[in-house]
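Shown next, in structure tokens, is the structure this report addresses.
The values are calculated or read from the model by the stated rules, or taken from the named source; none is laboratory data. Note that the structure is predicted; figures quoted are calculated from it, not measured. Positions of Cβ are backbone-derived with ideal geometry, glycine not excepted, and every protein chain shown enters the neighbour counts. Remember, those area values only see protein heavy atoms, side chains included, never the ligands or the DNA or RNA. Shrake-Rupley method; radii C 1.70, N 1.55, O 1.52, S 1.80 Å.
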Amino acid sequence: MDVLTKDLLVNFLLMILPLLFIQIVYFYSYRNRLQKSEGKFAAIFPAISILLCLSFPFTINEGFLWDLRGVPIVLGTLYGGYRMGIFLTVVTMISRGLLGGDGVVISTITLCLIWVFYLLLMQRFQRSKIPGKIIIATFLVSFLVICNLTLSYLIFDVLMPLDVWITFTIINVIGLVIALILWEIIRANFLILNDLIRAEKLTVVSHLAASISHEVRNPLTVSRGFIQMAIQDRDQTQGEKERYYLDIALKEIDQATDIINDYLTFAKPASDQQDQINMKVELNHSVNVIQPLANMNNVDIHLKDQLPESAYLIADKKQFQQSLINIFKNGIEAMPDGGVLTIDVSQQSKGYILTVADQGHGMSEEEINRLGEPYFSTKEKGTGLGLMVSYSIIRAIGGSVKVSSEKNHGTTFEISLPVYRKDQ
Ligand code: ADP
Ligand code: MG
């Protein structure tokens, strides 16, 4: 192995080293709840990479340093955004300036030129998946390297053999791809860790909720019974005041029971209180419940109700409303800048068809597949329980849900429900 390649490999290891350290720091900051300082850490690591690369370059011609600093500069900027880019560019310019030599001029020119591409490609990079990211970053690093080499030749007549050009460019690109993949893996690990901890907490909470509400519901039912008996006895023994107190106690107990029943939906969607309910009435009620949220988000709800007056369904009233409300709520939340939520319902040969269409941000194929999975949420404050509950309620009454969605255009939920005919 020639000296050049050896030097570059050392450089490569030094460039990667801070990336490995970042894992340790992330774990530390996570354990100590220092998430807010994440941004600062993220800026320090590429800067250290740059300084290390600059400290151990290889030189063929006096005043010119060849190393892999392009990789941390480009990746740091593309991932970190414009502010990070400015910081890294300034760090590089200053430290390269301190080392001196004719190369400073070249380095400064290329660092400025590459900003044209940052401005053009940054957003596309941040939206892309890994292969797209690799292509964009490879292009930028190659640009940086080749621009450096060409300008050195044109301005200072620095002539390097072709094989050095090629080796240098290739090692830069390989370094970049490895660093990018490593970074993606580190990030994915942290996201998984976060999700895992959150999911675990939620499981505990919902188990707790289910078991406590079971335990509490029984004494409440008993108390309610006795209070009712006391009210009935009142005529003989009690005054107006007592009756008033007992009425309040009764109302509060009913309220507590309602809350507990809502909690129980998480744990036990199949209800024993299946009733014959009127679709029209329940649908209208659910729309009324969600209306304030729609108003707050500038969303217009267009309800196209083509149901016959006697559209019946066998279901638990409260749960059925809940399942619709969750779906309406997601539609509204998908349109933070307002829009129209269209709710269409009709009776067809295969049953009732209820479509809920929004004009929101839509979902990718992968997200659609994960719908209804417990704890799957892309929202910062989401629980990922809404659709799980909706789906299990709809399935429990013999219905089904189909989802179609297009990224940035909107989502449509199509719910089919079995018709209940009185003569059945
Ligand atoms: P939460 O609303 O708490 O996130 P849900 O179970 O209601 O949980 O929804 C799960 C995820 O499904 C949401 O975080 C969102 O990413 C996606 N989703 C659901 N409905 C829509 C919709 N109408 N448009 C876009 N994404 C949606
Ligand atoms: Mg939701």
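Has region 347-355 got at least one residue that is assigned by TED's automatic domain parsing to the domain that holds ALA294, part of a loop (DSSP other than H, G, I, E, B) and touching an Asp or Glu at 6+ places or on another chain (Cβ under 8 Å)? For region 347-355, residues assigned by TED's automatic domain parsing to the domain that holds ALA294, part of a loop (DSSP other than H, G, I, E, B) and touching an Asp or Glu at 6+ places or on another chain (Cβ under 8 Å): absent. Among the conditions (1) away from ligand 2 (no atom under 16 Å from the Cβ); (2) within 23 Å of the chain's Cα centre (by Cα); (3) modelled with pLDDT under 90, the only one that ALA270 does not satisfy is (2). Scanning region 368-387 for residues that are part of a helix (DSSP H, G or I) and more than 6 Å from ligand 1 (Cβ to nearest atom) yields ILE368, ASN369, ARG370.
Say we look at region 403-424 and pick out the residues that are over 16 Å from ASP275 (Cβ atoms), among the charged types (D, E, K, R) and modelled with pLDDT under 95; which of these is most open to solvent (accessible area, probe 1.4 Å)? Spell out the reasoning first.
Our first condition is that a residue be over 16 Å from ASP275 (Cβ atoms); within region 403-424, this holds for 403-416, 423.
If we keep only those that are among the charged types (D, E, K, R) as well, we get 406-407, 414, 423.
Narrowing the set further to residues that are modelled with pLDDT under 95 leaves 406-407, 423.
Details: GLU406: 111, LYS407: 103, ASP423: 133 Å².
So, considering only residues that are over 16 Å from ASP275 (Cβ atoms), among the charged types (D, E, K, R) and modelled with pLDDT under 95, the one most open to solvent (accessible area, probe 1.4 Å) is ASP423.
With respect to the conditions (1) open to solvent by 60 Å² or more (accessible area, probe 1.4 Å); (2) modelled with pLDDT of 90 or more; (3) in a helix (DSSP H, G or I), LYS304 falls short on a single one, namely (3). Being assigned by TED's automatic domain parsing to the domain that holds LYS280, open to solvent by 70 Å² or more (accessible area, probe 1.4 Å) and within 22 Å of the chain's Cα centre (by Cα): is that true of GLU309 here? No; evaluated as a whole, the condition is false for this residue.
Candidates are the residues of region 375-394 that are in contact (Cβ under 8 Å) with a residue 40 or more places away in the chain, at negative phi and within 15 Å of the chain's Cα centre (by Cα); the one that is surrounded by the fewest Cβ atoms within 10 Å (Cβ to Cβ) is LYS379.
Report yes if ILE397 is surrounded by fewer than 16 Cβ atoms within 10 Å (Cβ to Cβ), among the aliphatic types (A, V, I, L, M) and closer than 29 Å to ALA199 by Cα, otherwise no.
Details: surrounded by fewer than 16 Cβ atoms within 10 Å (Cβ to Cβ): no; among the aliphatic types (A, V, I, L, M): yes; closer than 29 Å to ALA199 by Cα: yes.
Considered against the rule, which asks whether it is surrounded by fewer than 16 Cβ atoms within 10 Å (Cβ to Cβ), among the aliphatic types (A, V, I, L, M) and closer than 29 Å to ALA199 by Cα, ILE397 comes out as no.
When restricted to residues that are open to solvent by 50 Å² or more (accessible area, probe 1.4 Å), within 12 Å of ligand 2 (Cβ to nearest atom) and over 18 Å from the mean Cα position of the chain (by Cα), region 322-360 contains 1.
Hey, can you tell me all the residues within region 75-134 that are open to solvent by 20 Å² or more (accessible area, probe 1.4 Å), touching a residue at least 12 places away in the same chain (Cβ under 8 Å), more than 29 Å from LEU154 (Cα to Cα) and among the charged types (D, E, K, R)? Answer for region 75-134, where residues must be open to solvent by 20 Å² or more (accessible area, probe 1.4 Å), touching a residue at least 12 places away in the same chain (Cβ under 8 Å), more than 29 Å from LEU154 (Cα to Cα) and among the charged types (D, E, K, R): just ARG124. Looking across region 307-324, the residues that are polar (S, T, N, Q) and touching an Asp or Glu at 6+ places or on another chain (Cβ under 8 Å) come down to GLN321, GLN322. As a summary of the residue check, ASN408 satisfies the conditions (1) outside any helix (DSSP H, G or I); (2) within 15 Å of ligand 2 (Cβ to nearest atom) except for the one numbered (2).
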